[in-house]
Amino acid sequence: METPPVSTTGEKDTSQPQQQWEKNLRENLDSVTQIRQQPRDPPTETLELGVNPDPASQILENTQGTEKLVAELEGDSHKSHGSTSQMPEALQASDLWYCPDRSFVKKIIIRGHGLDKPKLGSCCRVQALGFPFGSGPPEGWTELTMGVGPWREETWGELIEKCLESMCQGEEAELQLPGHSGPPVRLTLGSFTQGRDSWELETSEKEALAREERARGTELFRAGNAEGAARCYGRALRLLLTLPPPGPPERTVLHANLAACQLLLGQPQLAAQSCDRVLEREPGHLKALYRRGIAQAALGNLEKAAADLKKVLAIDPKNRAAQEELGKVVIQGKKQDAGLAQGLRKMFG
């Protein structure tokens, strides 16, 4: 794909002593710390463009958000123990679930029943209240199909889908969002139909779903929605990555497309990693070389940036975008050298 240059009814718990609650809370906080220390996988995909990115602001992330949420939950627990005559049931450690990407903490209010959870293709009857975004799901009960439909492209859609994957039928939960000071979002899963795990899909089914995600991602990218496009490309890649190596050639295009989205979202480190995956399969991929050069320049790795851009020009000497970016890198390098020289003169002069 070519794109023009461009300048993420059950039962309530039984009560337990305050000391056990605090111990469980500390254990949960330790688990959050472990999650933070694990490297984050890059989103999986981006378009083919000759990019001259003017990065948009990065997707919301509050580095201290999860810890704050834990503190808030602990505060709620202290309040609940203020009266011995009217003591609400204490929250158990198993009632807190931390989304692996740290986008929210789920607090179970009413436990669901059974062990099954929604999967790909499950039609879920849900009710969501209190979303802080400009728009949210329809009021009242609504039906959402896991893995299918334009609702997943919304910010609230991605959040709901992640949460539904962890819920049992009849479960009601509050979602604490980092950086959100208002009331928590409340989500109830009334019922859902049987779905399938990705490993249960045939190869042809996975490839067909990946093609649909890629096509939708391209539409969103061209409409200026880089964030939604990145989610589509990422979902397509996750489907294809489960296939035996070397995998279909579409993976290369998806990684290249994802890199373009990541540049626009102000994520040069992730963009460079996506380009690395393209170049492992196709060392001479022009768009991946160009985008990695842009990403390395944004990261301050000027020598690596210049090397990638020179490779582009060696293959395509008339590539104006690469010429312009290389010129910027050279100028930036001279400024760095001048600054270093001035610093040395002050130090030894």
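The values are calculated or read from the model by the stated rules, or taken from the named source; none is laboratory data. Here the structure is a predicted model, which means the values were calculated and not measured. FYI the Cβ positions are ideal-geometry reconstructions off the backbone, even for glycines, and counts take in every protein chain you see. Side chains included, ligands, DNA and RNA excluded: accessible areas come from the protein's heavy atoms. Shrake-Rupley method; radii C 1.70, N 1.55, O 1.52, S 1.80 Å.
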Exercise for the section: Run Glu139 past the list (1) buried (at least 18 other Cβ atoms within 10 Å of the Cβ); (2) among the charged types (D, E, K, R); (3) assigned to a loop (DSSP other than H, G, I, E, B) and report the number of the one that doesn't hold. Expected result: (1)
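Before we move on, is Gly149 on the phi > 0 side of the Ramachandran plot, small (Gly, Ala, Ser) and either open to solvent by 40 Å² or more (accessible area, probe 1.4 Å) or at pLDDT 90 or above (or both)? Quick ask: steps written out before the conclusion?
Numbers: on the phi > 0 side of the Ramachandran plot: yes; small (Gly, Ala, Ser): yes; either open to solvent by 40 Å² or more (accessible area, probe 1.4 Å) or at pLDDT 90 or above (or both): no.
When the stated conditions are applied, Gly149 does not pass them.
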Exercise for the section: Being modelled with pLDDT under 85 and crowded, with 16+ Cβ neighbours inside 10 Å is the filter here, so list the residues in the stretch 93-112 that pass it. Expected result: Arg102, Ser103
Fill in the blank from the handout: Listed by range, helices (runs of 4 or more DSSP H) wholly within the stretch 254-344 having at least 2 residues that are more than 30 Å from Leu209 (Cα to Cα) are 286-298, 302-315
Exercise for the section: Please tell me if Cys275 is open to solvent by less than 30 Å² (accessible area, probe 1.4 Å) and not assigned by the TED database to the domain that holds Leu209. Expected result: yes
Completion exercise
Picking from Thr242, Thr218, the residue that is in a loop (DSSP other than H, G, I, E, B), among the hydroxyl-bearing types (Ser, Thr, Tyr) and within 21 Å of Val278 (Cα to Cα) would be Thr242
Problem - So Asp316, is it in contact with a helix residue (DSSP H, G or I) (Cβ under 9 Å, 6 or more places away or on another chain), more than 20 Å from Pro249 (Cβ to Cβ) and crowded, with 24+ Cβ neighbours inside 10 Å - result: no
Exercise for the section: Return a yes/no flag: does the stretch 188-199 have any residue that is farther than 26 Å from Asn225 by Cβ, surrounded by fewer than 17 Cβ atoms within 10 Å (Cβ to Cβ) and basic (Lys, Arg). Expected result: yes
Practice task
Would you check if Gln176 is of a type in the set (S, T, N, Q), under 29 Å from Ala128 (Cα atoms) and at pLDDT below 90?
Solution key: yes
Practice task
Could you list, in sequence order, all residues of the stretch 162-186 that are out of contact with any strand residue (DSSP E or B) (no Cβ under 8 Å at 6 or more places or on another chain) and either open to solvent by less than 40 Å² (accessible area, probe 1.4 Å) or within 24 Å of Cys232 (Cβ to Cβ) (or both)?
Solution key: Lys162, Glu165, Pro178, Gly182
